[in-house]
Amino acid sequence: MIKLTIMDSTDFCYNGRYSTDFGIYNVSISGGMFDEPFAAKRSIVETKISGRDKPNFHGIDLEPKEFKLNFAFEHTWDNKKIAEVVRWLSQSYYKPLYFANNVSKTFYCIMTDEPRLLHNGLKQGYVTLTMRCNSSFIYSPVFEDGWYKSKDDERTSLYILNKGTEVCEPKVIIKKINNGDFSIINYNGDEFKFEKLVDDEIVVVDCERQDIETSLPNMYRYDNFNHKYLSLAYGKNKLIMLGEAKVKFTYQFKYQN
């Protein structure tokens, strides 16, 4: 697996615009070896109890990624160029950022703190700023599989390879064939199940957001669902479909680096 590093890539793309469009390049301003985050920042969630040496451990909290960007102007700048760069980077919500050395991994981030312009007084220099992500992870592009078809009278198996480092929670699109139930059993035996769907109904389940939509007007399907949302472990996942339907999956892999 190729690890994504930031400081050894001179070009990057943020919010659909390339750094080369502005005549700027990602640079390292320190000598020697590069120093950058290796994985998501972790903190222990625990409760300290008076009179006990050991606190109660509740788990691990992963903090959103945060990293420095330093970029230099290829040529001297003017006020117009500075204004263009400020408009480009000053977004009001998280936007996709990727580096030329690995375009298949994307950060969703926003500029924070106070960017600094360091220069020699001759309109030459570089900018240093902080980018903060919306999560602890880096994301792949969105993948969409073709339609899988299951039969009513037998189990239908399929395999999905999770190439990320984390559990993936896909979006599941179900087009029901004939009235009846439909379910998917995943790697750990959990069953994702809908009861009493109708012929030609399309149900879309966002497993990460735990959101369910149906093509039927004025209808909600939460009461027909067992609330066990589908998840894909790292590696090869065998899924078993029960009930007659056509099914499609869309997903993004997640990485810590």
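Would you pick out the residues in the range 37-54 that are over 30 Å from residue 131 (Cβ atoms) and of a type in the set (A, V, I, L, M)? Steps first, answer last, please.
From the range 37-54, those over 30 Å from residue 131 (Cβ atoms) are 47-54; that's our starting set.
Across the range 37-54, the qualifying residue is only 49.
I'm trying to understand the selection: among the residues of the range 58-82, which are at pLDDT 90 or above and among the hydrophobic types (A, V, I, L, M, F, W, C)?
Result: no residue meets the conditions.
Hey, can you tell me all the residues within the range 176-217 that are over 22 Å from the mean Cα position of the chain (by Cα) and either of a type in the set (A, V, I, L, M) or not assigned by TED's automatic domain parsing to the domain that holds residue 229 (or both)?
177, 184, 185, 197, 198, 202, 203, 216
Mind listing just one residue for me: the one in the range 154-166 that is under 26 Å from residue 181 (Cβ atoms) and touching a strand residue (DSSP E or B) at 6+ places or on another chain (Cβ under 8 Å) and, of those, surrounded by the fewest Cβ atoms within 10 Å (Cβ to Cβ)? Don't jump to the end; show me each part of the working.
Filtering the range 154-166 down to residues under 26 Å from residue 181 (Cβ atoms) leaves 154-160.
Now narrow it down to the ones that are touching a strand residue (DSSP E or B) at 6+ places or on another chain (Cβ under 8 Å): 155-160.
Numbers: 155: 10, 156: 17, 157: 12, 158: 15, 159: 8, 160: 19.
By that ranking, first place goes to 159.
Filter the range 41-96 for residues that are of a type in the set (Gly, Ala, Ser), over 27 Å from residue 136 (Cα atoms) and surrounded by 10 or more Cβ atoms within 10 Å (Cβ to Cβ) and give the result. Outline the logic, then answer.
Let us first name the residues in the range 41-96 that are of a type in the set (Gly, Ala, Ser), namely 43, 50-51, 59, 72, 83, 90, 92.
Still in the list and also over 27 Å from residue 136 (Cα atoms): 50-51, 72, 83.
Of everything in the range 41-96, those that are of a type in the set (Gly, Ala, Ser), over 27 Å from residue 136 (Cα atoms) and surrounded by 10 or more Cβ atoms within 10 Å (Cβ to Cβ) turn out to be 72, 83.
Within the range 151-172, does at least one residue satisfy the condition of being under 30 Å from residue 99 (Cβ atoms) and either small (Gly, Ala, Ser) or without any contact (Cβ under 8 Å) to a residue 60 or more places away in the chain (or both)?
yes
The values are calculated or read from the model by the stated rules, or taken from the named source; none is laboratory data. None of these values were measured; they are calculated from a predicted model. Here the Cβ is made from the backbone with ideal geometry for all residues, glycine too, and neighbour counts use every protein chain on show.
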